[in-house]
1. Show the residue pairs that are 6+ apart or on different chains and have beta-carbon atoms under 7 Å apart, the first residue being within segment 85-101 and closer than 18 Å to A56 by Cβ, the second being open to solvent by 10 Å² or more (accessible area, probe 1.4 Å) and part of a loop (DSSP other than H, G, I, E, B).
2. Suppose we keep only residues that are of a type in the set (A, V, I, L, M, F, W, C) and surrounded by 22 or more Cβ atoms within 10 Å (Cβ to Cβ) within segment 23-44. Which one would you say is farthest from the chain's Cα centre (by Cα)?
3. Here are A104, A133: which of them is of a type outside the set (S, T, Y), under 17 Å from the mean Cα position of the chain (by Cα) and buried (at least 17 other Cβ atoms within 10 Å of the Cβ)?
4. Taking segment 70-92 as the search range and keeping residues that are modelled with pLDDT of 90 or more and aliphatic (A, V, I, L, M), which one is surrounded by the fewest Cβ atoms within 10 Å (Cβ to Cβ)?
5. Of the residues in segment 329-344, how many are at pLDDT 90 or above, part of a strand (DSSP E or B) and open to solvent by less than 20 Å² (accessible area, probe 1.4 Å)?
6. Run down A15, A98 and say which single residue is hydrophobic (A, V, I, L, M, F, W, C) and open to solvent by less than 40 Å² (accessible area, probe 1.4 Å).
7. For segment 345-389, enumerate the residues that are part of a helix (DSSP H, G or I) and polar (S, T, N, Q).
8. Quick check on my filter: what residues within segment 246-280 are among the charged types (D, E, K, R), surrounded by 19 or more Cβ atoms within 10 Å (Cβ to Cβ) and in a loop (DSSP other than H, G, I, E, B)?
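The values are calculated or read from the model by the stated rules, or taken from the named source; none is laboratory data. This structure is a prediction, so every number in the text was calculated from the model and none was measured. Note that each Cβ is placed from the backbone with ideal geometry, even for glycine, and that neighbours are counted across all protein chains shown. Just the protein is used for accessible areas: all its heavy atoms, side chains included, with ligands, DNA and RNA removed. Shrake-Rupley method; radii C 1.70, N 1.55, O 1.52, S 1.80 Å.
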Amino acid sequence: MPQAPFVPVIPAGGAGTRLWPLSRRTHPKFLLDLTGSGRSLLQQTLDRLVPLADRAPIVVTGVEHAEAVTAQATTLADHGGPRARVLAEPSPRSSMPAIALAAALVEREEPDAVIGSFAADHLIGDQEAFARAVITAREAADLGYLVTLGIAPTHPATGFGYIEQGAQGTGAAALRAVGAHPVARFVEKPDRDRADQFLAAGTFSWNAGIFVARARVLLDELAAQIPSLARGARGIAAAHGTARYQDVLERTWPQLTRIAIDHALAEPLAAAGKVALVPADFAWDDVGDFAALARQLREDPPSGPGGVGEPGAGGAPADVQVLGIADVSAVSSTATVYGSGDRHIALVGLEGISIVDTEDVLLVLADERAQDLSRLVAGLDGTGHGRLR
């Protein structure tokens, strides 16, 4: 086992617009139980990480969500006491400032510690395989690398970024000894033709956005790429726990570069041969839209009543998954229904549909167009419906 203390970091932000109206500005995706498990996505993330952590995980979230995050992080079964430390960011600045602030706080307290950044709103299947991959990533991080977990692709997905495994150059032997490999490059979400090529090549993995590194290494590399961002994060951390903290935070935070860790560190460090990949063999999904969520609910249906499968005309079955307490009947339909009201929902002859019935919004969505939902949500303010976001 690695000797350096391990501190998980969980950036919990984003509006989740492709899961609207379940996900709202005031109650975003990571605070929701989207699978009927009884745990929000954030709570499931903490459940995975607490057993692997040597110190309390750090959740970085928006100030408007800090109270809800704290409540979810401190009142879960099977673990006594606080589940995590919560840092409230004054405004969204993307993932790199959030991770840098947590890293700077860890560096200040334990200079040799390793941190791992994990999204608050992803689903992971095999928990034992996940734990093995994180332990391997910790060992690779001890060698001075920025380490990422690469998910073995199961189909030519166009909604995920990809990571290409690199050639066996300098340092490859040491990486192989711990079960890791060099990274050649990160690739943005491809079109279908390129995704087919990546799958056929056998050297590409899905980018799950998981990064592990020594806190000091991460910040030193960030200082080389974006000096003001590293300096600002370290300055805020230096004031943490003092009467100056809030003033320093509010004065410095808006000046930090708004950038994702992929662009700030992963891409330039991969080009310099400083990123390692740990192959991961667990099921993973970022649950980025209703099509992904429908797929998850069919692969792992919620416990208890939640499926509608009455035969339709000519004996054709209905395949309807229900999340919530919605009362649904269906004929010859394939659909996913999310509802908590007392209105009866009846479906006839619908294929690949998601229906969301809330107190103030009814959404009917073709799953094949799930990515387009964000366009509708973006236009709500302009049509006088901004309150619904």
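1. R85/A56; A98/G13
2. Residue satisfying both the conditions and the ranking: L34.
3. Every option except A133 fails the conditions.
4. The selected residue is A71.
5. Summing the residues that are at pLDDT 90 or above, part of a strand (DSSP E or B) and open to solvent by less than 20 Å² (accessible area, probe 1.4 Å) in segment 329-344 gives 5.
6. Among A15, A98, only A98 is hydrophobic (A, V, I, L, M, F, W, C) and open to solvent by less than 40 Å² (accessible area, probe 1.4 Å).
7. Those that are part of a helix (DSSP H, G or I) and polar (S, T, N, Q): Q371, S374, T383.
8. K274, the sole residue that qualifies.
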